[in-house]
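One structure is given below, encoded as structure tokens.
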Amino acid sequence: MSKGFLLVLSGPSGSGKGTVSEALMKRAKDIVFSTSITTRAPRPNEVDGENYFFISEERFEEMVANDELLEHAFVHTNYYGTPKEFVFEQIKKGEIVLLEIDVQGALQIKERYKEAVFVFLIPPTMDELRNRIIKRGTESEKDIETRFANAFKELDFVDEYDYFVVNDVVEKAVEDIEAIIVAERLRVKRHENIKENVTEKR
Ligand code: 5GP
């Protein structure tokens, strides 16, 4: 069995990270999703503890102060963060832990966890990205503009990632990520005693 690792998925708002990671989670058995905390208000279809842990700013500050977060960032107009304990528990069990986080968070992870794998999801075009944000219909006009402006800035960070995946057709994007996972699992550094295991089986 290969060692567990962090799979960091980023991409601008509207790149379809949520849809892609949901589809990925349905297909892949040994991937667990890291549920983030946020100070943002839940959207009508969102469930506390499932999409996010929705918390107050006071609680967020407390978690930062107690060093309970692997990374955290202020994104658009709210705070987001990754609870540390869950991630470490799962990695210890050999699981792949999917983190759907923004570029600021990804850069923090990159500094601290060299073994993590970084995937950047990009939309086929910026026009398509704008349409997706508008179509989602959950953001105010001002929020749409903030997210669209941030999307341009986020694209500058693609060079910091190991892989990029174009999300034109969701199934294809998921297949691409699965291919990345297969390759990453086969990295020699993610295994121990390769030679011994082969020799024993002879
Ligand atoms: P949304 O409000 O649309 O759910 O998410 C807004 C942005 O915050 C997205 O880019 C999403 O990936 C990012 N995000 C969600 N959770 C986290 C987290 O735990 N840490 C960081 N740094 N970003 C997050």
Candidates Asp168, Asp102, Asp156: whichever shows maximal mean-square fluctuation once the chain is modelled as a Gaussian network with Cα springs under 10 Å: Asp156
Kirkwood Rh, Cα atoms: Rg over Rh of the chain: 0.99
Dipole magnitude of the chain about its Cα centre (Cβ charges: Lys, Arg +1; Asp, Glu -1), debye to nearest 20: 780
Count of lysine pairs in region 1-127 with Cα separation under 17 Å (8 or more residues apart, or interchain): 12
Packing-based exposure ordering (other Cβ within 10 Å, fewest first) of Ile122, Ile144: Ile144, Ile122
Label point at Ser140 placed 7 Å out along Cα→Cβ; residues across region 47-77 whose backbone nitrogen lies under 18 Å: 75-77
Set of region 92-128 residues, backbone N closer than 14 Å to the point 7 Å along the Cα-Cβ line of Lys84: 109, 112-113
At R0 = 30 Å, FRET efficiency that the Cβ-Cβ distance of Glu50 and Tyr113 yields, to 0.05: 0.75
Candidates Gly105, Gly18, Gly81, ranked by Gaussian network fluctuation over the chain, Cα under 10 Å, top entry: Gly18
In nm, spacing of pseudo-spin labels at Lys153 and Val170 (7 Å Cα→C-beta vector): 2.9
Lys/Arg +1, Asp/Glu -1 at C-beta; region 54-202 dipole; positive extreme among Tyr161, Asn197, Gly105: Asn197
Where a label projected 7 Å from the Cα of Glu68 along Cα→Cβ would reach, residues of region 84-114 with amide N under 16 Å: 84-89
Computed lengthening from Arg187 to Met126, 0.36 nm per intervening residue step minus Cα-Cα distance: 18.5 nm
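Readers should treat all values here as calculations from the given coordinates under stated rules, not as data from a laboratory. Since we're looking at a predicted model, the values are computed, not measured. Here Cβ is always computed from backbone atoms with ideal geometry, including for glycine, and neighbour counts include all displayed protein chains.
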